[in-house]
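Below is one structure, written out as structure tokens; comments come after it.
Each reported figure results from applying straightforward, stated rules to the coordinates on display, with no laboratory input. Predicted model, so just to flag it, every value in this text is computed and none were measured. Positions of Cβ are backbone-derived with ideal geometry, glycine not excepted, and every protein chain shown enters the neighbour counts.
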Amino acid sequence: MEQEKLASLGALAAGVAHEIQNPLNFVNNFSELGTELIDELATEKDEEARLQLLSDLKENLGKINQHGKRADAIVKNMLMHSRTESGTRQLTDINKLCEEALGFSFHATQAKYKGFSCDIEKHFSTNLEELSVVPGDISRVVLNMMNNAFYSMYQKKLNSTDSNYKPKLTLSTFRGPDRTLITITDNGLGIPADVQQKLFEPFFTTKPANEGTGLGLSISYDIIKAHGGKITVKSDGNETAFVIELRIS
């Protein structure tokens with residue numbers, strides 16, 4: 001088990017080195033350009049030309065900041081990957097955990113995407129016993145799933161020609177004979193079959209570079225696997241459902 005984890009982290013580290021090189025190249029290139037702009041600014045006498053150089057320099061610094069943050073996000077996500085299973089398991093109310101994660105994710109989405117609205121349905125099983133899990137890790141998984149769902153619905157609403165389209169998210173929990181299920185369903189963009197097969201691979205993402213690192217679902221998969229469970233996804237083009245299975249021990 002430990003050898004598998006070390007091999008997984010080794011592969012992840014190699015992926016990080018590859019992925020982080022791109023934003024670092026941008027940072028290096030834009031910082032060199034910034035130095036050139038400052039040199040030009042020092043010798044430029046025309047006021048209008050100086051203002052243009054200052055504008056270019058400000059834009060340049062913004063790009064350095066953007067790509068620096070992306071590199072930072074990649075490193076932080078890798079550290080999260082390596083800390084899987086590091087927390088202490090404790091008996092946890094899964095319904096309450098899901099409720100809190102939903103509220104946090106929805107309000108964060110509304111703050112990020114002004115004007116976003118969504119119908120939300122909750123179906124919580126009333127016979128769930130508390131499960132022995134690492135609550136912070138499971139909360140991170142549920143948050144990631146919800147953030148992805150809200151993002152997908154926001155993008156569909158933004159680009160849809162159907163004026164009647166209304167984003168809708170359904171969150172449900174279910175007590176099976178030997179497992180608890182958490183299901184997050186959205187009516188966003190959907191996930192093609194070929195993409196579904198790659199979803200849990202490190203660094204695979206369909207989002208623009210400034211929207212995601214492609215590590216969220218990979219980390220989520222490892223967390224649930226470490227808990228003895230699994231994640232499955234189903235998408236028919238109209239609805240996408242992520243199902244988190246946690247075994248009852």
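Given Cα pairs under 8 Å that are at least 6 residues apart, what percent is the relative contact order of segment 91-247?
On the way: 254 pairs, mean separation 35.9, N = 157.
So the answer I get is 23 percent.
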Exercise. For segment 90-106, just list the computed ³J(HN,Hα) in residue order, Karplus coefficients 6.51, -1.76 and 1.60, θ = phi - 60°, integers in Hz, with x standing in for Gly and Pro.
Key: 8, 5, 10, 7, 5, 4, 5, 4, 5, 4, 5, 5, 4, x, 5, 5, 5
Self-check item: Residues of segment 161-191 with amide N under 18 Å of the 7 Å Cα→Cβ point at residue 123
Solution: 168-177, 179-188
Quiz item: Using the Cα gyration tensor of segment 91-247, with a ≥ b ≥ c the square roots of its eigenvalues, what is the shape: rounded (a/c below 1.5), prolate (a/b larger than b/c) or oblate (neither)?
Solution: prolate
Practice problem: Could you tell me which of rounded, prolate or oblate describes segment 145-202, using a ≥ b ≥ c as the square roots of the eigenvalues of the alpha-carbon gyration tensor, with rounded for a/c under 1.5 and, failing that, prolate when a/b is larger than b/c and oblate otherwise? | Solution: oblate
Self-check item: Candidate aspartates and glutamates - alpha carbon under 20 Å from residue 45, same-chain residues fewer than 8 apart omitted
Solution: 36, 56
Practice problem: Quick one: net charge around residue 243, please, counting Lys, Arg +1 and Asp, Glu -1 for every other residue with C-beta under 12 Å from its C-beta. | Solution: +2
Self-check item: Eligible lysines near residue 114 by straight Cα distance, threshold 20 Å, same-chain separation 8 or greater
Solution: 156, 157, 166, 168, 207
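Trypsin sites (Lys or Arg not before Pro) within segment 97-153: which are DSSP loop residues with at most 15 other Cβ atoms inside 10 Å?
Passing sites in segment 97-153 are 114.
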Quiz item: Pulled fully out, how much extra length does the chain show between residue 24 and residue 248, if you take 0.36 nm times their separation in residues and subtract their Cα-Cα distance?
Solution: 76.2 nm
Quiz item: List the lysines whose alpha-carbon lies under 19 Å from that of residue 225, not counting same-chain residues fewer than 8 positions away?
Solution: 5, 198, 234
Quiz prompt | 5 angstrom amide H check on residue 230, placed H, neighbours 5+ away | solution = 245
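Give me the net charge of residue 142's neighbourhood, meaning all other residues with Cβ under 12 Å from the Cβ of residue 142; Lys, Arg count +1, Asp, Glu -1.
Once all neighbours under 12 Å are counted, the net charge is -1.
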Self-check item: Net charge, residue 165 excluded, C-beta distance under 10 Å - Lys, Arg +1, Asp, Glu -1
Solution: +3
